[in-house]
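Below is one structure, written out as structure tokens; the observations come after it.
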Amino acid sequence: MFIINLLGIALIGFIVWWFWLYRSKDAVAVTENLSIRVENGVYQPTRIEIQANQASTLHFLRVDETPCAGQVIFPDLEISEDLPLNKVFSVELPALAPGEYDFHCQMQMYRGVVIAK
Amino acid sequence: MREAHQQELLIEGAGCASCVGKIEAALKAVDGVERAEMNFAQRTVSVDGNASMDLLMAAVEKAGYNAKPMNAKNEEGVLDEKERADHAYYKRLIRETAIALTLGIPLMVYSLFAGEMTITTQTEQGVWLVIGVVTGVVLYISGKHFFVGAWNSFRNHSANMDTLIALGTGTAWVYSMVVVLLPWAVPELARHVYFEATAMIIGLIDLGLALELKARGRTSLAIKRLIGLQAQTASVIRDGVEVDIAIDQVLAEDIVRVRPGERIPVDGLITEGHTSIDESMLTGEPMPVEKQLDDEVVAGTINQTGSIMFRATRVGKDTALAQIINMVKRAQNSKPPIGRLADVISSYFVPVVMIIAVVSALVWLNFGPHPAVALAIVSATTVLIIACPCALGLATPMSVMVGVGKAAEAGVLIRNGEALQTASKITAMILDKTGTITAGRPKVTDIVPSGQFQEAEILRLAASLEMGSEHPLALSIVESAQELNLNLEKAEEFNAITGHGVEAVVGGKQLLFGNAKLMRDRKIELHNYQDQAQLFAAEAKTPMYFAVDGEFAGLIAVADPIKEDAIEAIKRLQHSGIRVVMLTGDNANTAKAVAEKVGITEVFAEVLPDQKAEKVAALQAEGEVVGMTGDGINDAPALALANVGFAIGTGTDVAIESADITLMRGSLHGLADAIAVSKATLRNIKQNLFGAFIYNAAGIPFAAGVLYPFFGLLLSPVIAGAAMAFSSLTVVTNANRLRLFKAENH
């Protein structure tokens with residue numbers, strides 16, 4: 001039982017680390033050719049880097065039929081857009097001060113972040 | 001690299017069928033284009049490949065035509081597409097439900113009536129092996145999307161509903177297969193299989209998702225109606241010829257023809273003809289509005305009687321209708337503060353549930369009775385399955401979606417979720433008198449000369465003086481003079497004395513026109529005309545003093561009729577417990593008379609424009625949550641300072657961005673409607689949040705087995721699956737109840 005308990009505690013530790021403590025440093029810089037795929041429960045890439053203090057455009061390509069995937073919301077920027085299925089949809093972002101700006105679907109199951117640098 | 005996908009372009013200037021080949025060839029020559037097909041009738045080209053839109057447009061332009069991207073430009077097209085996609089997904093979910101339940105139901109019936117699903121003999125092992133493999137196939141067909149979603153989320157260090165379902169059903173299936181394949185590895189009493197639970201859970205959750213999808217479709221009916229108001233084509237005069245073109249091809253300055261019964265395609269100013277226009281779909285105002293030369297027409301409204309031509313002033317996304325749609329969409333997706341706690345909880349929810357599942361399993365393993373392993377698996381699985389982050393996530397947005405849409409249908413535009421929430425808490429409402437309680441179109445009712453000049457001369461001089469002013473009272477004087485065909489003179493050295501009056505030189509005479517304070521300041525003797533002025537004020541008329549060359553010359557009284565339904569609407573506000581206060585720059589007696597007529601007891605009179613905000617602050621200092629209603633332009637500072645600023649529109653001339661809530665029509669009932677719909681929406685959100693919190697807070701401990709030590713109760717994972725599937729459906733259905741909300745009859 002001792003080993004099972006130890007494994008259980010290790011599993012809890014892993015959950016805490018993996019979902020809350022781990023901080024990815026990889027962010028993909030936005031380009032004209034970059035499409036953010038909305039597929040199978042995630043935005044890919046999840047972390048997008050843009051130039052701070054200048055307007056930018058994100059291209060979304062939704063291939064996920066789930067209704068939740070049909071909307072992308074940038075709560076801090078008061079932007080919400082319907083994403084058509086299997087078509088690229090461009091979302092214009094205003095010039096942003098340096099910082100991180102979350103975006104997500106309506107239920108917040110799909111999550112991504114725009115990093116203005 | 002950008003991936004291959006479909007893009008659509010609208011082609012301009014393609015007049016003959018031979019253009020088709022030329023345009024297709026030009027597009028196919030672009031690097032990355034795999035397919036280009038033109039629909040000549042619709043002037044659209046569909047392009048497959050990974051070339052950018054800019055390259056495609058450049059290629060078409062090089063071939064001698066103009067091209068515009070069509071992707072997601074046409075709102076109605078996007079909605080149709082969305083509906084088609086949702087319907088296809090719904091059919092898929094129903095198919096997957098049927099497959100899973102076809103296996104799950106017989107297995108569950110067997111477990112209920114035929115006995116324990118355990119393995120004691122080799123025959124049983126063989127039978128369960130076959131059933132286990134079939135369940136695995138069903139899991140793949142009906143539940144693959146949960147597992148793929150869970151894995152993708154996991155790789156991105158996030159967890160969602162898919163994670164819980166995949167872990168729950170996956171654990172049940174893997175444990176059962178271990179029991180079947182390696183029975184010796186599991187204590188004898190724990191050799192129980194859970195294939196029925198696996199299949200039933202997947203089936204029920206797919207069914208819940210399908211029903212939720214249908215219910216969600218109904219939450220966006222209001223925005224669909226608004227989008228449906230947009231005309232698809234317009235008749236435009238180009239090079240002297242009338243041509244029918246797609247709505248997104250209409251340019252500003254185009255001359256557009258609209259016949260009776262047709263919808264106005266873009267905003268503009270009438271250049272020919274007169275008509276009456278039904279604007280009810282935008283303003284909620286049932287009576288058609290008469291329109292003539294130079295009057296504004298607005299996209300989405302319906303031309304009723306006459307044929308008109310108008311010059312387009314705002315097209316595409318700049319039309320009032322497009323802005324309204326945009327605002328409603330934005331507001332529908334914004335969150336009121338009440339939803340923020342749910343957001344915070346949602347972001348931690350799934351990992352917390354996973355931890356609870358592990359703890360629950362450990363507790364059962366350490367302290368549970370035999371078969372502890374089986375009980376641990378059941379409790380962990382049930383915890384994972386019963387937890388429903390979706391209900392929490394949906395609770396606020398679904399209600400906001402329906403509430404904001406419902407308000408828009410009543411001609412009330414709510415800017416965002418915060419305005420919606422605050423409006424529901426308003427305790428005091430300040431109403432600006434002119435244009436809000438009154439029609440804002442005052443008329444001259446009385447002229448009392450002092451003897452020096454005749455009535456007509458007083459009116460002529462006063463009107464000449466007021467020509468330079470934009471004040472509504474000034475306009476009434478000018479209009480009255482024009483009705484009598486009086487010759488107005490040019491005013492010189494015009495000076496507006498804010499909040500008090502105006503002065504200027506007309507025909508060599510020094511004129512002064514304004515309130516009693518202005519006259520006192522200028523040491524003008526008013527004799528006993530102040531008594532007469534008070535009599536006018538008691539009749540809700542506004543008296544104004546007129547002086548020529550430093551001598552009092554006469555009294556002009558102006559009355560602004562009270563809006564027909566103001567009294568009833570103010571009663572509605574008061575009945576809902578709101579303290580209604582009137583604010584005006586007018587003199588105290590007139591203000592009091594108007595206030596008495598409409599049933600208001602508190603009045604701020606003789607308030608200068610820059611003091612309006614101070615009055616708002618004064619009420620806030622008393623602890624009131626203050627709503628301020630004004631015309632949206634002159635009251636900007638007060639509207640901004642108020643907890644909720646209401647801009648009251650007249651017709652469709654609205655300052656959409658200037659207030660938290662814009663009332664598209666002039667009626668004060670819109671105000672009462674806005675507050676009523678806000679309260680109903682907040683009530684609905686609270687019901688949803690309460691339901692979602694209670695469901696999870698009670699369901700998770702129950703699933704973990706807290707009742708087992710006392711009553712021997714342990715929840716079945718199948719029941720948990722059903723509860724989870726229908727909890728989010730309940731939230732969406734409750735939000736849809738808001739669609740039945742009706743403002744009081746008026």
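The values are calculated or read from the model by the stated rules, or taken from the named source; none is laboratory data. Keep in mind the model is a prediction, meaning the values are calculated, not measured. Note: ideal-geometry Cβ built from the backbone for every residue, glycine included; neighbour counts use all protein chains shown. Areas reflect the complete protein model, heavy atoms only, side chains present, ligands, DNA and RNA absent. Shrake-Rupley method; radii C 1.70, N 1.55, O 1.52, S 1.80 Å.
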* Charges only on Cβ, +1 for Lys and Arg, -1 for Asp and Glu: so what's the dipole of chain A about the Cα centre, in debye to the nearest 20? -> 400 debye
* Relative to the first principal axis of the alpha-carbon coordinates of chain B, what is the inclination of helix B:472-483, with its axis defined by its Cα atoms, in degrees from 0 to 90 and to the nearest 10? -> 50 degrees
* To do: Calculate for the protein assembly as shown the 222 nm mean residue ellipticity that helices alone would give, adding -39,500 (n - 2.57) per DSSP H run of length 4 or more and normalising by residue count, nearest 500 deg cm²/dmol.
  => -15000 deg cm²/dmol
* How would A:Lys25, A:Lys87 line up by accessible area, probe 1.4 Å, largest first? -> A:Lys25, A:Lys87
* To do: Quick one: pull the percentage of alpha-carbon pairs in the protein assembly as shown with a separation above 46 Å.
  => 42 percent
* Asked: Given chain B, what percent of its DSSP beta bridges are antiparallel, to the nearest 5?
  -> 80 percent
* Structure fact -> In Å, the Kirkwood hydrodynamic radius from C-alpha pairs for the stretch B:89-215 sits at 15.2 Å
* Evaluate the stretch B:153-245: find the radius of gyration of its Cα atoms, find its Kirkwood radius, and give the ratio Rg to Rh. => 1.46
* To do: Work out how far the C-alpha atoms of the stretch B:214-302 reach from end to end along every principal axis, then list the three figures in whole Å, largest first.
  => 50, 30, 20
* Contour excess over end-to-end distance, with Cα ends at B:Glu564 and B:Lys214 and 0.36 nm allotted per residue -> 121.7 nm
* Structure fact -> Taking a probe of 1.4 Å and leaving out DNA, RNA and ligands, chain B shows per residue an accessible area in Å² of 43 Å²
* Where Rh denotes the Kirkwood radius from the mean inverse Cα pair distance, what is Rg over Rh for chain B? -> 1.12
* Asked: Say each of A:Ala95 and B:Val178 gets a label point 7 Å from the Cα, pointing the same way as Cα to Cβ; how far apart are those two points in nm?
  -> 6.0 nm
* Asked: So for the stretch B:664-720, Kirkwood radius off the Cα pairs, Stokes-Einstein at 10 °C and 1.306 mPa s: how many µm² s⁻¹?
  -> 109 µm²/s
* Quick one: what do you get for the stretch B:370-509 if you divide its Cα Rg by 2.2 N^0.38 Å? -> 2.27
* Rounded tilt (10° steps) of B:18-28 against the dominant C-alpha axis of chain B -> 60 degrees
* Compute the Kirkwood hydrodynamic radius of the stretch B:19-177, taking the inverse of the mean of 1/r over all pairs of distinct Cα atoms, and give it in Å to one decimal. => 20.7 Å
* Asked: If you project the alpha carbons of the stretch A:1-80 onto the principal axes, what extent comes out on each, in Å, largest first?
  -> 57, 31, 25
* Treating each Cα of the stretch B:111-178 as an identical point scatterer and ignoring solvent, apply the Debye formula and state log10 I(q)/I(0) at q = 0.16, 0.21 Å⁻¹. => -0.64, -0.89
* Over what distance in Å are the Cα centres of the stretch B:374-419 and the stretch B:508-559 separated? -> 62 Å
* What are the semi-axes of the equivalent ellipsoid for the stretch B:525-637, taken as the square roots of 5 times the Cα gyration tensor eigenvalues, largest first, in whole Å? -> 30, 17, 12
* Which number comes out as Rg/Rh for the stretch B:686-746 once both Rg and the Kirkwood Rh are worked out on C-alpha atoms? -> 1.20
* Three semi-axes of the equivalent ellipsoid, the stretch B:430-543, Cα gyration tensor, whole Å, largest first -> 21, 18, 15
* Structure fact -> For chain B, longest principal axis from Cα atoms; helix B:340-367 axis from its Cα atoms; angle between them, nearest 10 degrees, is 20 degrees
* Paramagnetic label zone (point 7 Å from Cα along Cα-to-C-beta, B:Met309; backbone N under 17 Å) in the stretch B:267-296 -> B:268-275, B:292-295
* Loop-exposed GluC sites (Glu not before Pro) per DSSP, neighbour cap 13 Cβ within 10 angstrom, longest uninterrupted part of chain B -> B:254-469
